[in-house]
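A short worksheet on the structure shown next.
The values are calculated or read from the model by the stated rules, or taken from the named source; none is laboratory data. Worth saying up front: this structure is predicted, and the values here are computed from it rather than measured. Glycine gets a Cβ as well: all are built from the backbone with ideal geometry, and neighbour counts include every protein chain shown. Please note that ligands, DNA and RNA were not included when accessible areas were found on the heavy atoms of the full protein model with its side chains. Shrake-Rupley method; radii C 1.70, N 1.55, O 1.52, S 1.80 Å.
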Amino acid sequence: MSVFWNSRTRGLLPYVPGEQPKDRAFIKLNTNENPYPPSPRAVEAMRRLLAGEDGRPAGESLRLYPDPVCAEFREAAARAYGVRPEQVFPANGSDEALAFAFGAFFEGAPSGGDGVQPLLFPDITYSFYPVYARLWGLPFRAVPLREDFSLCVGDYGIPASGAVIANPNAPTGRALPVDGEGGLSSLAAALLERGRVLIVDEAYAAFGAESAVPLIGRFPNLLTVHTLSKSASLAGLRAGFAIGSEELVEGLFRIRDSFNSYTMDRIALAGAAAAVADRAYYDAVNGKVIATRERTAAALAALGFRVLPSQANFLCIRPPEDSGLGGNALFLALRERGILARYFNLPRIRDYLRVSIGTDGDMDAFLAACAAILG
Ligand SMILES: *Cc1c(COP(=O)(O)O)cnc(C)c1O
């Protein structure tokens, strides 16, 4: 605490990101980064931007501000997702798109929260959601996942200022269908009737879940949020985007342009545009991640772990009952053996660990360490 902090700053509970160790000794399975390199076309686009071709000095293009409307990147993303560029909002990582969306679409409490309907999201989900809700002063309600950590859209039929669903969910890895009963479209329809927005965070959709983007045309209240950090191997670039109706995208630009009109720099715009266009490369890379996930899940189950079904690039696992190991004990034992996983000291998932899918070699080392720890 500092006397210079205002009451807003004092009241914040900031998000704590997973550890990024400086020494490279760890097998890093704690922040869901992709173990494979980004598209060579993306790297080449960024290199070309910096190289200063056509006889210009290196870095010359950085003298000028980037394109505030991010036309080239939005066109590339629109082509990749079958939408119009006006339906794409460019962001400095999808966290930024989420932060702006919380501020743009959900109702804050004028005085103490009375009379304002809460924003809804699951009790176990991406822990940035309550952080953004507090930042913007939005009353929220955590809707419990079912016993098996599945999400039931019927539980969201209560009065609300909107809802946010990660699909697949994190850190469980479970995914919802888009259509049919119990699908995301029924939730979008119920919220549309009440004039409320549904955000679907698709950070992990490329690892085996259905995307809700095809619903965008039918639901002007639906915003899907996408990141290049996980499935496009570009966590270090900070690039993401949201897709929704033009009115939602315009709302996001109103918030952005009340903060900072240049959230994506020239390098990120060039790399991100080339990355979203290189579907073939990423389908191959993420296909490998999925195959490794399935193999790892089967091996963990054989060791007696409970493994939640995952459509993401991580597994949520609980050590065998008879091992006497809790989530934190397993986390520490793995760390001692040079393997970093993610432990959440939160109700209901205290006994679990989230383990990102690395290369086959990474996962062999992880499985060997698990076997050794179980003895
Ligand atoms: C990693 C993650 C993000 C953040 O992505 P960035 O684009 O790196 O900001 C958003 N949502 C979920 C559910 C995530 O796991």
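Is there a residue being within 16 Å of the ligand (Cβ to nearest atom) and open to solvent by less than 20 Å² (accessible area, probe 1.4 Å) anywhere in the stretch 43-60? Walk me through how you get there before you give the answer.
Initial filter on the stretch 43-60 (within 16 Å of the ligand (Cβ to nearest atom)): none.
Checked the stretch 43-60: no residue is within 16 Å of the ligand (Cβ to nearest atom) and open to solvent by less than 20 Å² (accessible area, probe 1.4 Å).
Mind checking which pairs have a first residue in the stretch 1-28 that is more than 23 Å from Ser127 (Cα to Cα) and a second that is surrounded by 10 or more Cβ atoms within 10 Å (Cβ to Cβ) and aromatic (Phe, Trp, Tyr), Cβ under 8 Å, 6 or more apart or different chains?
Ile27/Phe366
For the stretch 223-261, which positions are more than 12 Å from the ligand (Cβ to nearest atom), under 18 Å from Ala203 (Cα atoms) and either part of a loop (DSSP other than H, G, I, E, B) or open to solvent by 20 Å² or more (accessible area, probe 1.4 Å) (or both)?
As a first pass, look at the stretch 223-261 and keep what is more than 12 Å from the ligand (Cβ to nearest atom): 223, 243-261.
Checking the rest, the ones that are also under 18 Å from Ala203 (Cα atoms) come to 223, 243-244.
Within the stretch 223-261, just Gly244 meets the criteria.
Can you pull out every residue in the stretch 262-286 that is open to solvent by 30 Å² or more (accessible area, probe 1.4 Å), of a type outside the set (Asp, Glu) and closer than 24 Å to Arg63 by Cα? Walk me through how you get there before you give the answer.
Restricting attention to the stretch 262-286, the residues satisfying the condition of being open to solvent by 30 Å² or more (accessible area, probe 1.4 Å) are 262, 265-267, 277, 279-281, 283-284.
Subset that is of a type outside the set (Asp, Glu): 262, 266-267, 277, 279-281, 284.
Within the stretch 262-286, Tyr262, Arg266, Ile267 qualify.
Consider Val200 carefully, then state whether it is assigned to a loop (DSSP other than H, G, I, E, B), touching a residue at least 12 places away in the same chain (Cβ under 8 Å), within 21 Å of the chain's Cα centre (by Cα) and within 17 Å of Ile243 (Cα to Cα). First the steps, then the outcome.
Details: assigned to a loop (DSSP other than H, G, I, E, B): no; touching a residue at least 12 places away in the same chain (Cβ under 8 Å): yes; within 21 Å of the chain's Cα centre (by Cα): yes; within 17 Å of Ile243 (Cα to Cα): yes.
Judged against the criteria, Val200 is not a match.
State which residue is farthest from Pro168 (Cα to Cα) when the search covers only the stretch 14-42 and only residues that are within 16 Å of the ligand (Cβ to nearest atom) and of a type in the set (Ser, Thr, Tyr). Talk me through it step by step, then tell me what you get.
Within the stretch 14-42, the first condition is being within 16 Å of the ligand (Cβ to nearest atom), and the residues that meet it are 14-20, 28-35, 38, 42.
Adding the requirement that they be of a type in the set (Ser, Thr, Tyr) leaves 15, 31.
Details: Tyr15: 20, Thr31: 16 Å.
That would be Tyr15.
Kindly indicate whether any position in the stretch 312-327 is of a type in the set (S, T, N, Q), open to solvent by 40 Å² or more (accessible area, probe 1.4 Å) and closer than 27 Å to Ala142 by Cβ.
No, that holds for no residue.
Considering only residues that are surrounded by 18 or more Cβ atoms within 10 Å (Cβ to Cβ) and β-branched (Val, Ile, Thr), which ones fall in the stretch 69-89?
Within the stretch 69-89, Val83, Val88 meet the criteria.
If you check every pair at least six apart or on different chains, which have Cβ atoms under 9 Å apart with a residue in the stretch 32-57 that is more than 25 Å from Met363 (Cβ to Cβ) first and a residue that is in a loop (DSSP other than H, G, I, E, B) and within 16 Å of the ligand (Cβ to nearest atom) second?
So the pair list comes out as Ala42/Leu228; Ala42/Ala232; Ala42/Ser233; Ala42/Leu234; Ala42/Leu237; Met46/Leu237.
Quick check: anything in the stretch 301-312 on the phi > 0 side of the Ramachandran plot and more than 16 Å from the ligand (Cβ to nearest atom)? Break it down stepwise before answering.
As a first pass, look at the stretch 301-312 and keep what is on the phi > 0 side of the Ramachandran plot: 304.
Adding the requirement that they be more than 16 Å from the ligand (Cβ to nearest atom) leaves 304.
Yes, some residue in the stretch 301-312 is on the phi > 0 side of the Ramachandran plot and more than 16 Å from the ligand (Cβ to nearest atom).
Consider Pro37 against the criteria (1) surrounded by 15 or more Cβ atoms within 10 Å (Cβ to Cβ); (2) modelled with pLDDT of 95 or more: it satisfies all of them except one. Which criterion is unmet?
(1)
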